[in-house]
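Right, one structure below, let's go through it.
None of the figures in this text is laboratory data; all of them are computed from the coordinates on show. Here the structure is a predicted model, which is why all the values come from computation and not from measurement. In this analysis, Cβ positions are derived from the backbone assuming ideal geometry, glycine residues included, and neighbour counts consider all displayed protein chains.
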Amino acid sequence: MTLPPLYRSTVGFDRLFDLLDQSPQTEPTNSWPPYNIEKVDGDHYRIVMAVAGFAPNEIEIVQKENTLLVSGQKHPEDKTVEVLHKGIPTRAFTQTFDLADYVQVKGAKLDNGLLSVDLVREVPEEMKPRRIEIANGGGRKTIEHGTTA
């Protein structure tokens, strides 16, 4: 059994990307709607999904723990219009993304058929590495929070 590359549905696992790129790749079976995962800077990410034809009230974004669920459901179409050719897909969709620890959704917008979901990784101070000084003899210990992640 081959698995799709994890980086297509994970955010915040940057260190694993190179390893995953070396693994065998197959296209995911659920690749609609198409999307990009972008790294904006050190701890900021963006998921951009092509959702042409969907209104903001037809899309739901839910984050539960380390999972982001984006789903879309079209409202019933206007029956007074006769469609001679239907080439724009408006089928319902559900896309799930696994998020790394401490990655949170900071906002979302729909513009020109593209849904952008902004994410940021915010590691709590108590979880960041900290430098611990070793006392010499009977001296004091100093504990500092480090700025490196």
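The distance between label points at Leu110 and Asn66 comes to 3.1 nm (points 7 Å beyond Cα on the Cα→Cβ vector). Compared with the alpha-carbon gap, the fully stretched path from Val81 to Thr94 is longer by 1.9 nm at 0.36 nm per residue. Each of Lys74 and Ile134 was given a label point 7 Å from its Cα along the Cα-to-Cβ line. The distance between the two points is 6.7 nm. Note on segment 48-118: semi-axes of the ellipsoid equivalent to its C-alpha gyration tensor, largest first and rounded to whole Å, are 29, 11, 10.
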